[in-house]
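Q: Okay, handing you the structure first.
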Amino acid sequence: MMYIILEKLLYVSNVKICLYDIFILLLPKNTSTIQYMKTKFLIIILSIVSICSFGQYRTQTISPNIKTLRLKYLEQESLTRPILYLNDDHQSLEISFDELSHDVHQYTYTIYHLNKDWTKSDLSSFEYLIGSTTQDIIDYEHSLNTQQVYTHYRFTFPNEDMQLALSGNYVIIVYEDGNIEKTIAHICFSVVETIADIDVKVHSHTTKELNGKYQQVDIDINTKELRSNNPNEISLVVQQNARYDNIVQNPSPSFIEPNKLRFINHPKLIFEGGNEYRHFDAYSVYFSGYNVDKTIMQQQEFHTFLLPDQNNGISSKSPQYMHNYDNNGQFLINAERTEYDDTEAEYMWIHWFFPVDRPFMNGSIYIGGDIFNNQISYSNLMSYDAESKCYYLNSYLKQGAYDYQYWFVDAFTNKITLLHTEGSHWQTENNYRIFIYYRPIGSRYDRIVGYKDVYSSF
């Protein structure tokens, strides 16, 4: 029983357990089941301790009964990772999720202001919130004519009763029965002031390789309106495809000029180009969409089997760049023969297959993308089947179109690379988000005073 509880805690934490992989690799082949369980038990305990001390917020579901957590601009289906601009009354976010039953739950949300590293700031709610500090979620609808019953909840923010007074990072905490200890989801987003201008160029000329596997991001920050060139007050953050594992935070400027900070050919602003995201479209339970082999009904549940994916990494016989169009890891909910996807789309088991002659002995394979909040956890960890020589994963997802990649996670460094599974190419189209944080001496919080959203294009 204790083991099951700890496994659930791992789900809550939603992080990769590197130590577990290391220990498994080190275990002798004749390790008994009891010894194996003791080892895993120890690793889980150590991991939970580490998780609790970390303190960074990420968008994630906390309860296994909560699915399809989405953050988008109100009344827009465009695949854009939304941000808010301070004092812009024409922007609103829609947050939605499904609870896998027709029971009506009392959900409430509140908002915390965060530092640039996504830890909780020292500000009180009265300093960054205008209006109430909590709101009940009263907008919900039951699913209609679906095999899996669920209830779709949604709310918008900002609204008449709750607005934001400051820029910076934020997290919305959704909890049940008025008890914040019963948190079910975290939703992270940013609010921007447009003060500092940003010029960005992405190119393939890097100090690692010339037109090889990497992309270089060059950035100029115009600090005239900030009246500060102090690198201790201004912080640069660069994010590729909404990932957090390879995020670059606060590199030192290459050059400091009057009213300008320059990051040119900076060694910390070199990213793996990676490859274009893979994609499948499970819009129909009757016909096979893109990259779908078949969909069948088993024990009153839909099962969608994807076509086996080719290894495009350096470990493959023919690493290649994929020229297909993608959405840089995002997903869209859509279903055939429905009027309202939010409540009429089916849930189905998605079956991934990634053939590899032998398992990777120095790391694990995860499926990455917005589909799993760009994180690594037990929910997106693939298993290897020696008989079929294939990594596989079964995930319970809502009908829609999904981008994804196969991430190799090194067992000893816990770092993600695409080299072994997807390959890395300088010509890959990637989305880069650039944030400028400003915290003058004496200030108690990190403002976001500049933002740029750019795509590499060659």
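The values are calculated or read from the model by the stated rules, or taken from the named source; none is laboratory data. Predicted model only: the values in this text are computed from it and were never measured. In this analysis, Cβ positions are derived from the backbone assuming ideal geometry, glycine residues included, and neighbour counts consider all displayed protein chains.
Q: In region 98-111, which residue that is outside any loop (DSSP other than H, G, I, E, B) and over 19 Å from the mean Cα position of the chain (by Cα) is nearest to Asn250 (Cα to Cα)? Even if it seems obvious, please write down each step before you answer.
A: Just the residues of region 98-111 that are outside any loop (DSSP other than H, G, I, E, B), to begin with: 98-99, 107-111.
Going one step further and asking which of them are over 19 Å from the mean Cα position of the chain (by Cα), we end up with 99, 107-111.
Numbers: Glu99: 39, Tyr107: 37, Thr108: 35, Tyr109: 31, Thr110: 29, Ile111: 25 Å.
The qualifying residue nearest to Asn250 (Cα to Cα) is Ile111.
Q: Say we look at region 104-116 and pick out the residues that are of a type in the set (S, T, N, Q) and surrounded by 16 or more Cβ atoms within 10 Å (Cβ to Cβ); which of these is nearest to Gly450 (Cα to Cα)? Show your work before the answer.
A: Looking only at region 104-116, we keep the residues that are of a type in the set (S, T, N, Q), and these are 106, 108, 110, 115.
Applying the additional criterion that residues be surrounded by 16 or more Cβ atoms within 10 Å (Cβ to Cβ) yields 108, 110, 115.
Details: Thr108: 31, Thr110: 26, Asn115: 15 Å.
Here the residue is Asn115.
Q: Let me ask you something else. Out of (1) assigned to a strand (DSSP E or B); (2) under 26 Å from Asn374 (Cα atoms), the odd one out for Gln148 is which?
A: All conditions are met except number (1).
Q: Also, I was wondering about something else. Does region 181-198 contain at least one residue that is part of a strand (DSSP E or B), more than 26 Å from the chain's Cα centre (by Cα) and farther than 30 Å from Val104 by Cα?
A: yes
Yes or no, residue by residue, for (1) under 16 Å from the mean Cα position of the chain (by Cα); (2) within 23 Å of Leu307 (Cα to Cα); (3) modelled with pLDDT of 95 or more:
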| site | (1), (2), (3) |
| --- | --- |
| Ala386 | no, yes, yes |
| Leu397 | yes, yes, yes |
| Tyr402 | yes, yes, yes |
| Tyr406 | yes, yes, yes |
| Phe412 | no, no, no |
| Tyr432 | yes, no, yes |
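Q: Being over 22 Å from the mean Cα position of the chain (by Cα), surrounded by fewer than 21 Cβ atoms within 10 Å (Cβ to Cβ) and assigned to a strand (DSSP E or B) is the requirement here; does Ile219 meet it?
A: no
Q: State yes or no: is Ile172 crowded, with 21+ Cβ neighbours inside 10 Å, in contact with a Phe, Trp or Tyr (Cβ under 9 Å, 6 or more places away or on another chain) and closer than 30 Å to Thr133 by Cβ? Don't jump to the end; show me each part of the working.
A: Details: crowded, with 21+ Cβ neighbours inside 10 Å: yes; in contact with a Phe, Trp or Tyr (Cβ under 9 Å, 6 or more places away or on another chain): yes; closer than 30 Å to Thr133 by Cβ: yes.
Spelling it out, Ile172 is indeed crowded, with 21+ Cβ neighbours inside 10 Å, in contact with a Phe, Trp or Tyr (Cβ under 9 Å, 6 or more places away or on another chain) and closer than 30 Å to Thr133 by Cβ.
Q: Scan Glu387, Glu336 and give me the residue that is surrounded by fewer than 23 Cβ atoms within 10 Å (Cβ to Cβ), without any contact (Cβ under 8 Å) to a residue 12 or more places away in the chain and outside the structural domain of Gly212 (by TED's automatic domain parsing).
A: On inspection, the qualifying residue turns out to be Glu387.
Q: Of the residues in region 400-458, how many are of a type in the set (Val, Ile, Thr) and under 26 Å from Pro359 (Cβ atoms)? Break it down stepwise before answering.
A: Going residue by residue through region 400-458, those that are of a type in the set (Val, Ile, Thr) are 409, 413, 416-417, 421, 428, 434, 436, 441, 448-449, 454.
With the extra rule that they be under 26 Å from Pro359 (Cβ atoms), the set shrinks to 409, 413, 416-417, 421.
Total meeting the criteria: 5.
Q: Name the pairs whose Cβ atoms lie under 8 Å apart, with the first residue in region 194-218 and in contact (Cβ under 8 Å) with a residue 40 or more places away in the chain, the second basic (Lys, Arg), and 6 or more positions between them or separate chains?
A: Ile198/Lys452; Val200/Lys452; Tyr214/Lys208; Val217/Lys201; Asp218/Lys201
Q: Out of region 117-142, which residues are surrounded by 14 or more Cβ atoms within 10 Å (Cβ to Cβ) and hydrophobic (A, V, I, L, M, F, W, C)?
A: Residues satisfying the conditions are Trp118, Leu123, Leu129, Ile137.
Q: Please find, within region 305-356, the residue that is modelled with the lowest pLDDT out of those that are within 22 Å of Ile416 (Cβ to Cβ) and acidic (Asp, Glu). Reasoning before the result, please.
A: So in region 305-356, the residues within 22 Å of Ile416 (Cβ to Cβ) come out as 306, 309-316, 319-322, 324, 326-331, 350, 352-356.
Filter again for acidic (Asp, Glu), leaving 309, 326.
Numbers: Asp309: 96, Asp326: 90.
The extreme case among them is Asp326.
Q: Turning to a different aspect of this structure: List the residue pairs whose Cβ atoms are under 6 Å apart, where the first residue sits in region 235-258 and is assigned by TED's automatic domain parsing to the domain that holds Phe331, the second is surrounded by 16 or more Cβ atoms within 10 Å (Cβ to Cβ) and part of a loop (DSSP other than H, G, I, E, B), and the two are 6 or more positions apart or on different chains.
A: none
Q: Under the condition of being of a type outside the set (A, V, I, L, M) and not in a loop (DSSP other than H, G, I, E, B), which residue from region 416-449 is surrounded by the most Cβ atoms within 10 Å (Cβ to Cβ)? Even if it seems obvious, please write down each step before you answer.
A: If we filter region 416-449 for residues that are of a type outside the set (A, V, I, L, M), which is where we start, we get 417, 420-433, 435, 437-440, 442-447.
Next, from what is left, pick out any that are not in a loop (DSSP other than H, G, I, E, B): 417, 431-433, 435, 437-438, 447.
Values: Thr417: 20, Asn431: 18, Tyr432: 22, Arg433: 18, Phe435: 23, Tyr437: 25, Tyr438: 23, Arg447: 21.
Filtering region 416-449 for residues that are of a type outside the set (A, V, I, L, M) and not in a loop (DSSP other than H, G, I, E, B), the one surrounded by the most Cβ atoms within 10 Å (Cβ to Cβ) comes out as Tyr437.
Q: Turning to a different aspect of this structure: What's the number of the condition Val174 fails, among (1) over 30 Å from Glu339 (Cβ atoms); (2) assigned to a strand (DSSP E or B)?
A: (1)
Q: Follow-up. Say we look at region 231-264 and pick out the residues that are touching a His at 6+ places or on another chain (Cβ under 9 Å) and surrounded by 15 or more Cβ atoms within 10 Å (Cβ to Cβ); which of these is farthest from Arg81 (Cα to Cα)?
A: Filtering first and then ranking leaves Ser254.
Q: Is it the case that Ile365 is of a type in the set (A, V, I, L, M, F, W, C), touching a Gly at 6+ places or on another chain (Cβ under 8 Å), at pLDDT 95 or above and outside any helix (DSSP H, G or I)? First the steps, then the outcome.
A: Working: of a type in the set (A, V, I, L, M, F, W, C): yes; touching a Gly at 6+ places or on another chain (Cβ under 8 Å): no; at pLDDT 95 or above: yes; outside any helix (DSSP H, G or I): yes.
Judged against the criteria, Ile365 is not a match.
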